[in-house]
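Quick notes on the structure that follows.
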Amino acid sequence: MQHFTPTFARDILDAAIARGSLESEFHQAVSEVFESIAPVLAQHPEYIEAGILERLVEPERQIMFRVPWVDDGGRVRVNRGFRVQFNSALGPFKGGLRFHPSVNLSIMKFLGFEQIFKNALTGQGLGGAKGGSDFDPHGRSNGEVMRFCQSFMAELSRHIGDDTDVPAGDIGVGSREIGYLVGQYRKISNRHEAGALTGKGTGWGGAHVRTEATGYGTVYFLQEMLGVRGERLEGKTAIVSGSGNVAIYAIEKLQQLGAKPITVSDSSGFVVDEAGIDLELLKELKEAGRERISAYAERRPSATFSSSGRVWEVPGQLAIPSATQNELGSDDASALIRGGVLAVAEGANMPCTPDAVDAFHSAGVMFAPGKAANAGGVAVSALEMAQNAARESWSFEESELRLRSIMADIHSASFEAAEQYGRPGNYVVGANVAGFVRVADAMLAQGIV
Ligand code: NDP
């Protein structure tokens with residue numbers, strides 16, 4: 001029988017590395033969770049006896065497939081598709097689809113693993129999964145994107161369903177891609193199974209506030225975290241990275257609550273607008289136009305564009321990294337600390353490296369990990385599934401109230417778990433522990449499967 005030792009979690013990690021199943025980003029995500037839950041394991045030998053850790057790091061199922069499609073020039077292209085169905089102890093697999101050239105199995109597994117705990121933290125009945133492809137939608141025509149999505153769904157459709165696995169959007173997968181995916185799924189399955197994908201348009205089964213949910217939720221979490229120290233959002237300058245779905249709606253909510261976001265970025269560089277981001281212009285360029293972020297500075301005299309340097313060198317009291325994993329390293333953390341940052345909330349998944357997170361904690365900067373701060377997106381996806389099942393549509397106001405209350409609950413659960421296990425104010429530990437305990441208890445109750 002296995003027993004807890006100080007190196008127990010490390011041994012499980014080593015065994016997984018030896019089996020070749022822990023690639024770099026995935027390893028990073030697993031290490032963080034295992035480090036956080038050591039005090040829980042010390043008090044709960046039943047998790048060890050039931051092999052919870054060994055089972056958690058092995059996806060229930062992972063699917064990789066060929067995605068052939070024909071470009072506008074008539075040339076045959078082939079991409080690789082993925083769906084990692086990580087853990088369904090709490091409900092159907094749930095997690096987004098990412099279309100980006102950097103997508104590989106390690107990134108899919110790290111995102112799917114994080115999703116298990118994020119989904120558990122929402123308190124809803126959702127398992128964890130992630131999927132996507134190394135397809136790059138940038139610069140592709142609508143026809144090419146449609147043909148790619150149809151080919152991708154031709155295979156994915158065999159593995160999803162409203163009680164099985166429910167994908168949604170992520171980087172490179174917005175309302176256009178979800179539309180094409182839903183259309184092809186409906187055609188192949190020959191049924192109107194509205195709850196098989198989330199992120200749909202509000203006119204055809206989508207939920208109000210799903211588009212806004214991740215960005216809004218991140219700001220609500222930040223507001224709760226600031227409140228613990230008697231701080232407020234009003235009047236504070238915010239440094240935001242990215243200019244996609246999460247960044248845009250984080251900026252919108254920051255502005256509604258009286259903060260002043262002054263930066264945005266994309267993979268070509270970043271913009272600083274000391275007058276405050278012009279949200280209407282940002283939406284016009286990025287949501288409607290799919291333009292590069294330099295176009296913002298060309299249209300706005302108060303803004304400057306830089307293709308070199310780091311957005312984190314711009315001083316501000318709040319930071320919301322909302323682009324991609326490992327976009328904020330230890331030098332960036334030092335720059336933010338020098339610039340007077342008080343609180344950092346991860347809009348993206350794992351945007352801060354472990355060294356950066358350590359630097360924030362050492363400097364007394366409040367830090368909200370993505371699996372807690374950005375859980376609003378999946379939480380509203382679960383509300384979309386509930387509305388689809390009941391054939392209802394709730395108002396924007398009602399959905400936003402629910403989001404607000406879910407984010408406050410996630411904050412309390414993370415805050416209290418950190419206190420309970422002797423790491424007050426450490427939301428990384430709190431979120432990992434609260435999410436882990438819920439999943440581990442379900443796995444324990446359901447036997448060795
Ligand atoms: P979008 O595709 O809408 O936007 C992504 C943004 O990040 C773009 O500005 C993009 O720039 C930039 N970006 C992406 N990859 C890189 C890179 N390698 N280097 C520099 N910039 C990059 O995605 P989302 O806003 O939906 O997702 C952003 C993050 O939030 C991701 O980590 C995602 O996993 C996470 N997230 C998203 C949720 C959602 O509901 N959408 C839910 C929870 C988390 P460019 O266009 O130049 O590539």
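Read-outs: derived from the displayed coordinates by stated rules, not from any lab. Quick caveat: nothing in here was measured; it's all calculated off a predicted structure. Glycine gets a Cβ as well: all are built from the backbone with ideal geometry, and neighbour counts include every protein chain shown.
Taken as entire DSSP H runs, the helices of the chain that both span 30 Å or more between Cα atoms along their own long axis and average -1.0 or more on the Kyte-Doolittle scale are 396-420. Cross-link reach is defined here as a Cα-Cα straight distance under 20 Å, omitting same-chain residues fewer than 8 places apart; for Lys200 the lysines meeting it are Lys94, Lys130, Lys187, Lys283, Lys286. A Cβ-based charge dipole, computed about the Cα centre of the chain with Lys and Arg at +1 and Asp and Glu at -1, lands at about 1020 debye. Each 20 Å bin from zero up to the one holding the largest Cα-Cα distance in the chain carries the following percent of pairs: 26, 59, 14, 0.
Taking a ≥ b ≥ c as the square roots of the Cα gyration tensor eigenvalues, with a/c under 1.5 meaning rounded and otherwise prolate when a/b beats b/c, else oblate, which class fits the stretch 281-407?
On the way: a/c = 2.53, a/b = 1.34, b/c = 1.88.
Verdict is oblate for the stretch 281-407.
Summing +1 for each Lys or Arg and -1 for each Asp or Glu among the other residues whose beta-carbon sits under 15 angstrom from that of Tyr180 gives +3. When the chain is described by a simple charge dipole with +1 on each Lys and Arg Cβ and -1 on each Asp and Glu Cβ, the residue from Gly435, Phe152, Val228 located farthest towards its positive end is Phe152.
Please work out the FRET efficiency for the pair Glu23 and Asp331, using the Cβ-Cβ distance as r and a Förster radius of 35 Å; give the result to the nearest 0.05. Intermediate values should be presented prior to the final figure.
Details: r = 25 Å, r/R0 = 0.71.
Approximately 0.90, to the nearest 0.05.
Once C-alpha pairs closer than 8 Å and six or more residues apart are averaged by separation and normalised to the residue number of the chain, the relative contact order reads 15 percent.
Under 13 Å from the Cβ of Arg158, count the other residues' Cβ atoms, weight Lys and Arg +1, Asp and Glu -1, and hand me the total.
Working: positive: Arg61, Arg83; negative: Glu155, Asp165.
Every neighbour counted, the sum reads 0.
If r is the Cβ-Cβ distance from Glu419 to Glu397 and R0 is 35 Å, what FRET efficiency results, to the nearest 0.05?
Working: r = 33 Å, r/R0 = 0.95.
That pair, Glu419 with Glu397, gives E of 0.60.
Around the Cα centre of the stretch 164-211, unit charges on the Cβ atoms of Lys, Arg, Asp and Glu (plus for the first two, minus for the last two) sum to a dipole of about 200 debye. Normalising the average separation of contacting C-alpha pairs (under 8 angstrom, six or more residues apart) by the number of residues puts the relative contact order of the stretch 317-417 at 24 percent. FRET efficiency for Ile188 and Ser307, Cβ-Cβ distance as r, R0 = 56 Å, nearest 0.05? Calculated transfer efficiency: 0.85.
Rounded to the nearest 500, the helix-only mean residue ellipticity at 222 nm of the chain stands at -14500 deg cm²/dmol, with each DSSP H run of n ≥ 4 adding -39,500 (n - 2.57).
Counting Lys and Arg as +1 and Asp and Glu as -1, each charge on the Cβ, what is the dipole of the stretch 140-220 about the Cα centre in debye, to the nearest 20?
Working: 9 positive and 9 negative charges, 63 e Å.
Computed about the Cα centre, the dipole is about 300 debye.
Summing charges over all other residues whose Cβ lies under 9 Å from the Cβ of Glu193, with Lys and Arg as +1 and Asp and Glu as -1, gives +1. When peptides 439-447, 401-409 are ranked by their average number of other Cβ atoms within 10 Å per residue, the highest-first order is 401-409, 439-447.
Comparing Thr263, Val40, Thr353 along the charge dipole axis of the chain, the residue lying farthest to the positive side is Thr263, per the Cβ-charge model. Considering only Leu13, Gly206, Gly276, the residue lying farthest towards the positive end of the dipole of the chain is Gly206, judged by Cα position with unit charges set on Cβ. Using C-alpha pairs under 8 Å with a sequence gap of at least 6, the mean separation divided by the residue count of the stretch 1-90 gives a relative contact order of 25 percent.
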